[in-house]
1. Give the cross-link partners of K561 among the lysines, using a straight C-alpha distance below 25 Å as the criterion and excluding same-chain residues fewer than 8 apart.
2. In the stretch 349-594, carbon and sulfur make up what percent of the accessible area (probe 1.4 Å)?
3. Using a Förster radius of 45 Å, what is the FRET efficiency between D51 and D202 based on their Cβ-Cβ separation? Nearest 0.05, please.
4. Compute the Cα gyration tensor for the stretch 349-594, then decide on rounded, prolate or oblate, letting a ≥ b ≥ c be the square roots of its eigenvalues: rounded whenever a/c is under 1.5, prolate when a/b is larger than b/c in the other cases, and oblate in all that remain.
5. Taking 0.36 nm per residue of separation and subtracting the Cα-Cα distance, what length does fully extending E380 through Q279 add?
6. What whole-number value in Å² describes the accessible area per residue of the chain for a 1.4 Å probe?
7. Please give, to one decimal in nm, the separation of the simple spin-label points placed at V461 and N333, each 7 Å out from Cα toward the Cβ.
8. Under a crude label model (7 Å from the Cα following the beta-carbon direction), how far is A601 from E544 in nanometres?
Amino acid sequence: MIYIVSGVSGVGKTTIGILLSKKLKLPFYDADDFHPEDNITKMGDGIPLQDEDREGWLENLSQAIRKWNKDGGAVLACSALKEQYRRKLESIPKKEITWIFLHSEFEIILERLNSRKGHYFKPALLQSQYATLEFPGYGIHINVNKTEQEVLDEIMEHLNNPKSEIGLLGLGVMGKSLAINLASNGVKVAVFNRHVEKIEVDIAKNFALENKEIFNFPWFDDLEKFINSLERPRNIFFMVNAGKTVDIIIESLLPFLEEGDLIIDGGNSHYKDTLRREQLLKESGILFMGTGVSGGEEGARKGPSIMPGGSKQAYERVGSFLEKIAAKDKDGNPCCTYIGPEGAGHFVKMLHNGIEYAEMQLIAEYYHFFRFGLKLPPDEIAGIFTDWNKEMQSYLLEISIDILKRKENDDYLLDRILDAAKQKGTGGWSTNAALELGVPFDTITAAVMARIVSGKKEERVQVFEKYNSTTTNNISGGREISSQYFSAYKAGSIINHAIGFSLLTEASAEYKWNLNLSEIARIWTNGCIIRSAFMEELIDIFKERPGGNLLLHPVIINRMKDHRKDLLAVISEALKEGFPVPVLSAAGNYFLAYTSEQTSANMIQAQRDYFGAHTYERNDKSRGEFFHTNWKPGN
Ligand code: 6PG
């Protein structure tokens with residue numbers, strides 16, 4: 001085992017490191033002794049080291065760590081202020097390194113440094129050390145504002161009774177997968193699930209038992225014991241159903257929590273609930289992060305897209321392990337970034353789901369038209385989608401292809417699935433948010449409504465009989481699949497993304513969240529449900545033009561000019577043949593209205609003025625001047 005005692009200069013790494021090495025009967029090393037001569041001179045001259053300066057130093061250390069570990073272990077005092085430095089030092093399996101982070105307030109350390117003599121580090125550099133410091137969410141954290149003996153005793157207490165770095169509460173499918181993901185990444189996780197006779201029996205115990213060959217999960221069904229098993233300040237991640245349950249759990253946790261503890265809600269909570277909970281917990285000094293997690297069971301286990309919002313201070317503490325468990329983008333960076341304060345994380349996740357609803361519905365509309373209009377068998381539709389997906393690289397198209405191919409005996413399983421969609425709310429919430437913020441939201445709203453209509457199965461069957469609305473008679477089977485269908489599909493998807501992101505722009509301005517759309521697109525390029533090649537493109541598009549509607553970007557304007565005719569032709573064809581295409585036609589209607597110089601709204605204004613004297617503005621007068629007419633004939 002290698003024990004690395006880290007922290008800013010002056011925190012006591014060497015003193016405590018030596019005491020610890022004596023206690024553990026292991027050799028002690030000081031990382032400062034591994035600096036190349038140039039670095040020592042620079043530091044002596046008061047010049048802060050740059051990352052390039054540290055390269056050789058970290059490499060020397062990582063080789064030494066490998067050797068010391070082979071020789072039976074060591075204690076190393078090393079600042080290791082940034083996560084990237086710490087990663088470089090991990091040249092041996094994570095479980096063979098114990099990180100001990102010493103910390104205290106700036107003023108206290110400054111005073112200590114000023115009283116030192118003969119050390120080559122200039123106290124003035126302390127400020128830059130604090131600025132560089134990335135506080136890790138793992139390891140043993142000790143506040144050194146106490147005697148050396150007390151610091152040592154506290155470290156020994158941790159080593160003899162190891163505590164977990166994070167507690168995962170709620171072992172549903174997502175909770176279990178996240179626990180495994182955290183543990184696979186070397187994070188010590190304790191798990192909790194309530195025990196309710198006949199309903200939720202021994203969930204935590206069984207989960208720990210099932211995984212005992214690979215991981216050691218301390219398991220609990222007693223809240224107090226669970227909380228006491230966690231390192232202070234505690235990090236508690238819960239994955240439970242959104243809504244009342246979250247409030248009930250917070251209430252039952254509160255008696256066992258103390259100032260500085262952190263709760264992370266990883267479920268699909270409403271962003272307004274998140275804001276309320278954050279404010280409530282702030283009163284007790286407890287940190288709260290509403291964190292969107294996307295990617296379903298597989299994503300949670302192998303790497304989800306993570307959208308943490310709320311306390312920035314909390315993100316600094318746990319961001320490093322959220323980033324560890326997140327999916328990685330094409331450059332290897334984590335699909336996790338601090339989104340913004342308050343409910344920003346959950347708002348962004350809600351909008352992710354809004355885009356998800358409309359993308360799913362768009363695919364479903366094509367499937368429906370191809371299957372029952374063009375009468376193509378599912379495997380043929382799978383073939384068409386496979387061709388499209390060479391360009392689209394869309395996760396939702398990818399899973400739809402698998403779905404279309406799946407057979408149960410001789411039948412396609414899809415043909416046996418009841419056509420009544422369920423929903424848990426996020427799509428509708430995003431529609432509500434769009435209404436509140438005055439953002440046109442056609443595609444996503446249409447997708448929500450399509451699910452609601454689908455849910456009225458029995459009613460639909462009765463109405464179908466009354467209207468005898470069989471629709472497919474005019475289309476001959478096996479019609480050639482023209483490129484027009486694909487072109488219209490791409491247009492629908494572009495418009496849907498434009499609509500979705502425009503809500504983020506508006507929310508960011510309204511709530512002063514300072515959302516970074518390019519970063520949001522980046523963390524949606526892997527791990528999440530709406531990942532696609534287009535999302536990849538959006539990173540640069542939003543980098544170039546951080547605000548404004550996507551449809552105004554020159555690249556998109558050119559593309560939409562090409563697609564426009566095809567989009568309208570496919571909508572017309574589907575409707576003419578009697579096939580509802582709510583999302584595709586919502587996309588078409590939005591596009592036509594948004595790109596129109598003259599809409600129908602002059603008539604609306606006149607009608608309002610007619611029956612309610614609501615007044616209107618004129619296009620031959622300046623904006624802000626209002627007129628009223630007595631519209632009754634003869635006046
Ligand atoms: C994700 C999904 C996930 C969940 C949806 C489904 O990003 O991983 O969006 O959060 O599957 O909430 O929502 P509905 O049940 O409303 O379709």
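1. K390, K490, K543, K576
2. Carbon plus sulfur share of accessible area: 52 percent.
3. Values: r = 49 Å, r/R0 = 1.09.
That pair, D51 with D202, gives E of 0.35.
4. On the way: a/c = 1.69, a/b = 1.52, b/c = 1.11.
Prolate.
5. Working: separation 101, 0.36 × 101 = 36.36 nm, distance 5.36 nm.
Roughly 31.0 nm would be gained on extension.
6. On the way: 30780 Å² over 635 residues.
Per residue, the chain has an accessible area of 48 Å².
7. 5.3 nm
8. 2.8 nm
The values are calculated or read from the model by the stated rules, or taken from the named source; none is laboratory data. Owing to the predicted nature of the structure, the values given are computational and were not obtained by experimental measurement. All Cβ positions, even for glycine, are placed from backbone atoms using ideal geometry, and neighbour counts span all protein chains on display. Quick note on the areas: whole protein, heavy atoms, side chains included, nothing else; ligands and nucleic acids left out. Shrake-Rupley method; radii C 1.70, N 1.55, O 1.52, S 1.80 Å.
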